[in-house]
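Report on the following structure.
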Amino acid sequence: EAKRGGRGRAFSYRPGMAEAAAEARRLEADLRLALETGNFQIAYQPIVAMDEGRTIGFEALVRWNDPERGLVPPDRFIPLAEANGMIVDLGAFVLSRACKDAAAWGTDQFVAVNVSAVQLSSPRLMAHVVGALAASGLPAHRLEIELTETAIVANAAQVGHVLAGLRTLGVRVAMDDFGTGYSSLAHLRDLPLDRIKIDRSFVSSASTDPNSLAVLRAVTQLGRDIGIETLGEGVETQEQLALLRDLGCRAAQGYLLGRPDFEVRDAAWTPERGAA
Ligand code: C2E
Ligand code: MG
Ligand code: MG
Ligand code: MG
């Protein structure tokens with residue numbers, strides 16, 4: 001039995017589709033419930049400065065703690081929360097929890113919070129940021145907002161305004177997963193960015209793919225020249241870490257230095273000792 005999709009595209013019914021649709025509805029209902037009860041946990045992954053090996057901050061990575069599904073990774077529910085708009089409330093929850101946690105660390109380390117395209121387009125984002133800072137007492141410079149290029153492109157009209165507002169507050173802004181989206185040099189030139197997080201695909205393939213290495217080198221150099229700190233994502237080996245250091249990358253993040261963890265743990269790595 002064929003049904004008519006939008007724009008006259010026909011698709012056919014396959015066994016399992018009803019079940020999949022039912023599971024999708026259950027997932028959405030359960031996620032809504034989790035939002036009401038705050039049934040989320042935040043894992044923190046260390047971000048390390050290359051020069052001294054100090055853990056300068058942590059990225060907040062949300063996990064959904066579902067009674068039946070267990071710990072659900074963000075890739076399984078963030079897209080859904082973006083599609084149905086729940087991400088705005090979920091994002092507000094993560095912001096306030098992350099700021100509260102960071103304020104209790106008793107260090108000067110920053111907390112980096114991911115903000116999606118839908119949140120960026122929400123008129124409530126600024127109020128959520130201001131509210132999270134005020135309620136936690138976290139100094140604004142200890143909060144970093146991570147945006148992807150996709151989020152920036154999707155909000156081209158208002159993004160300059162929002163980022164200027166964040167900068168006025170003293171909140172730092174990082175471009176996440178750089179190189180995977182619509183990488184535009186105009187963004188690096190025009191937007192008030194504090195950090196470029198170079199996507200892990202470049203880091204992982206740099207030793208086998210000369211083009212990846214060339215991109216890593218160029219972006220690191222560009223960051224230096226225009227005064228934006230660079231960070232290499234997804235560092236899993238000593239070789240990758242050494243390469244990023246040699247290229248002059250300012251910071252690194254990855255399993256080698258520390259996995260996302262519910263306990264906040266500084267990376268054990270120092271330039272002298274290497275990773276423990
Ligand atoms: P992201 O912001 O790029 O976060 C980095 C992801 O890479 C994390 O996956 C992290 O666990 C993983 N990762 C870190 N180091 C390594 C490594 O050495 N090797 C490999 N293979 N992976 C590494 P995670 O926690 O599953 O998060 C996936 C994505 O979900 C994030 O990508 C981010 O886009 C999104 N996300 C997570 N938390 C939030 C949130 O609170 N709000 C929003 N809007 N998105 C979030
Ligand atoms: Mg991120
Ligand atoms: Mg990233
Ligand atoms: Mg990512």
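Taking amide H positions as modeled 1.01 Å from N, with prolines and chain starts lacking one, no residue 5 or more places away or on another chain lies under 5 Å from S121. With N counted as the residues of the chain, its alpha-carbon radius of gyration over 2.2 N^0.38 Å works out to 1.07. Computed from phi, the 3J(HN,Hα) profile of region 42-58 under the Karplus parametrisation 6.51, -1.76, 1.60 (θ = phi - 60°) reads 10, 8, 10, 10, x, 10, 10, 7, 5, 5, 10, x, 7, 7, 8, x, 9 Hz, with x in place of Gly and Pro. Take the Cα pairs of region 37-121, get the Kirkwood Rh, then feed it into Stokes-Einstein at 4 °C and 1.567 mPa s and tell me D in µm²/s. Once the numbers are plugged in, D ends up at 93 µm²/s. Estimated translational diffusion coefficient (Stokes-Einstein, Kirkwood radius over Cα pairs, 10 °C, 1.306 mPa s) of region 223-276: 133 µm² per second. Solvent-accessible surface of region 97-218, taken per residue with a 1.4 Å probe and all protein chains present: 44 Å². Taken over the alpha carbons of region 139-276 as equal point scatterers, the Debye sum produces base-10 log I(q)/I(0) values at 0.17, 0.18, 0.19 Å⁻¹ of -0.97, -1.06, -1.15. The phi torsions of region 171-177, fed into the Karplus equation with coefficients 6.51, -1.76 and 1.60 and a -60° offset, translate into couplings of 7, 8, 10, 10, 8, 8, 6 Hz, rounded to whole numbers, with Gly and Pro shown as x. Neighbours of E149 by Cβ distance under 12 Å: Lys/Arg scored +1, Asp/Glu scored -1, total -3. Measuring nothing but protein heavy atoms, the accessible surface of the chain at 1.4 Å probe radius is 52 percent carbon and sulfur. Structural descriptor for the chain: relative contact order 18 percent, calculated from alpha carbon pairs under 8 angstrom and at least 6 residues apart. Take the Cα of V153, step 7 Å toward its Cβ, do the same at R14, and the gap between the two points is 2.8 nm. The modelled label-to-label distance between N39 and D190, using points 7 Å beyond Cα along the C-beta direction, is 4.4 nm.
Residues whose amide H falls under 5 Å from that of I56, counting only those 5 or more places apart or on a different chain, are I47, V48, A49, with hydrogens built in the peptide plane. Give the residues of region 66-88 whose amide nitrogen is closer than 14 Å to a point set 7 Å from the Cα of R32 in the direction of its Cβ. Correct set: 81, 84-87.
The values are calculated or read from the model by the stated rules, or taken from the named source; none is laboratory data. Owing to the predicted nature of the structure, the values given are computational and were not obtained by experimental measurement. With ideal geometry, Cβ positions are generated from the backbone for all residues, glycine too; neighbour counts draw on all protein chains shown. Quick note on the areas: whole protein, heavy atoms, side chains included, nothing else; ligands and nucleic acids left out. Shrake-Rupley method; radii C 1.70, N 1.55, O 1.52, S 1.80 Å.
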